[in-house]
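Any read-out appearing in this document is the output of simple, stated calculations on the displayed coordinates, not a laboratory observation. Everything numeric in this text was worked out from a predicted model, so none of it was measured. Every residue, glycine as well, gets a Cβ built from its backbone with ideal geometry; the counts of neighbours run over all protein chains shown.
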Amino acid sequence: MTIERVAIVGLGLLGGSVGLAVAECLPGVATTGYDADPQVRQRAAERGLAGTICETPEDAVRDADLVLFCVPVGAMEAAARACAAALPARAIVSDVGSSKASVGEALSRALPGHRVIPAHPVAGTERSGPDAGFASLFRRRWCILTPPDDADPDAVEALRRFWEALGAKVEIMDAAHHDLVLAVTSHIPHLIAYTIVGTASDLEEVTRSEVIKYSAGGFRDFTRIAASDPTMWRDVFLSNREAVLEMLGRFTEDLTALQRAIRRGDGEALFDLFARTRDIRRSIVEQGQDDARPDFGRADHTEPGNCR
Ligand code: NAP
């Protein structure tokens, strides 16, 4: 099957980036877009985030071959229900949500009988809203598809080709495994960043202006992550509760071991761990998942560019 018309529901960072990437990488594919917020719809029209910005969710999905829900994880079910009456039977239903098992269940509940193939492009920034999106967001980033066991293979293949056309590398995974992997690579790191920035701002002995003034010492990088959208991240932790709690348990044990090493003056244990983690950073840079430059090369990410 070929995808010729894509409907994007939710026109923030992810939805806007999909629209811009389709326009650049798949110029023959038509896009429609809808967002619950009228001001976002207006800004989306000004920026050309989709070919046609619709006033209702039904109008957006009426002729779609692929519908992509790009709303916060906790809003997926309501967004899908609002489209149900107009959704063509042939359409592939997918999303970009950061957790997968609960989103797959929510979409299937809202749209029974439809071909639901959840997806998660592992690409993003700490910015949100209709001004945040850019066409090259998915370039060389992974997009994980979590099709249910009985998914139509043609639809999975069509979705794989769609994401590859936007420049992404596609991996297929079981939803529960995705949630566990992302708990440790994305969700727990965000929780740690929110915690450390919160702790620093609550300190009584160190003033807030000192925290900001001397932020270069590692703290600054945490503040970037801790500036991520509160709605999105609240929903991620609530929807991926089990996996996050399991990984948090392991992390807490490791943190306790580090605390003990510091208390006992066990420099060897500290050095061994820090040497191992340095190797992981090196592998991430070598595999093209980040940039070795001090600014992580982030300035480049907004440059217009081709899809590959
Ligand atoms: P965003 O910039 O806040 O955009 C989401 C948009 O969806 C907002 O404009 C929001 O409007 C709108 N919306 C909420 N409920 C809706 C509904 N029922 N119908 C239509 N529109 C609705 O968020 P985002 O960063 O693009 O995140 C979208 C999804 O991508 C989330 O599920 C997130 O987990 C996932 N994701 C995010 C990242 C990242 O780094 N940000 C990376 C990968 C995946 P209001 O603001 O008025 O609510």
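When the Gaussian network model of the chain links Cα atoms closer than 10 Å, the mean-square fluctuations of A44, A175, A275 top out at A275.
For the chain, averaging the sequence separation of C-alpha pairs within contact (under 8 Å, six or more residues apart) and dividing by the residue count gives a relative contact order of 18 percent.
Coupling constants for region 11-24 follow from the phi torsions by the Karplus curve (6.51 cos²θ - 1.76 cosθ + 1.60, θ = phi - 60°), and in residue order they are 10, x, 3, 6, x, x, 5, 4, x, 5, 5, 5, 4, 7 Hz; glycine and proline get x.
Give me a comma-separated list of calculated 3J(HN,Hα) values for region 165-180, in order, Karplus coefficients 6.51, -1.76, 1.60 applied at θ = phi - 60°, integers in Hz, x for any Gly or Pro. 3J(HN,Hα) across region 165-180, in whole Hz: 5, 7, x, 7, 9, 9, 10, 10, 8, 5, 4, 5, 5, 3, 5, 6.
Our summary gives region 1-120 a relative contact order of 25 percent, counting only alpha carbon pairs under 8 angstrom and 6 or more residues apart.
Values of log10 I(q)/I(0) for the chain across q = 0.11, 0.16 Å⁻¹ run -0.72, -1.37, by the Debye formula with one identical scatterer at each alpha carbon and no solvent. Of all DSSP-defined beta bridges confined to region 5-174, some 10% are antiparallel rather than parallel.
For A7, the amide hydrogen comes within under 5 Å of the amide hydrogens of T32, D65, L66, V67, L68, counting only partners 5 or more places away or on other chains and with H modelled in the peptide plane. In the chain, the longest principal axis of the Cα atoms and the axis of helix 38-47 are about 90 degrees apart.
For region 1-23 versus region 200-270, the inter-centroid distance based on Cα atoms is 34 Å.
Phi-derived couplings, Karplus 6.51 cos²θ - 1.76 cosθ + 1.60 at θ = phi - 60°, listed residue by residue for region 276-291: 5, 5, 5, 5, 5, 4, 4, 5, 4, 5, 4, 7, x, 8, 7, 10 Hz, with x used for Gly and Pro.
Proximity of backbone amide H atoms, modeled 1.01 Å from N, is registered between V71 and V96 at under 5 Å, excluding neighbours fewer than 5 places apart on the same chain. Counted over the chain, the DSSP beta bridges are approximately 10% antiparallel.
GNM on the chain, alpha-carbon springs under 10 angstrom: the most fluctuating residue among E246, E268, E24 is E268. Cβ-Cβ distance of Y214 and R140, R₀ of 30 Å, FRET efficiency by 1/(1 + (r/R0)^6): the value works out to about 0.30. Comparing D154, D202, D179 in a Gaussian network model of the chain, where Cα atoms under 10 Å apart are tied by springs, the biggest mean-square fluctuation is seen for D202. For region 169-190 versus region 139-157, the inter-centroid distance based on Cα atoms is 14 Å. Near the amide H of V170, within less than 5 Å, lie the amide hydrogens of C143, all on another chain or at least 5 residues away, with H placed in the peptide plane. Give the range of the longest stretch in the chain that excludes all chymotrypsin sites (Phe, Trp or Tyr not before Pro) found in loop regions by DSSP and having at most 16 other beta-carbon atoms within 10 Å. Counting only loop sites that pass the neighbour cut-off, the longest clear stretch is 1-213. The three principal axes of the C-alpha atoms in region 177-291 carry coordinate ranges of 38, 35, 30 Å, sorted with the longest axis first.
Computing FRET efficiency as 1/(1 + (r/R0)^6) for T52 and E126, where r is the C-beta to C-beta distance and R0 is 35 Å, gives about 0.75.
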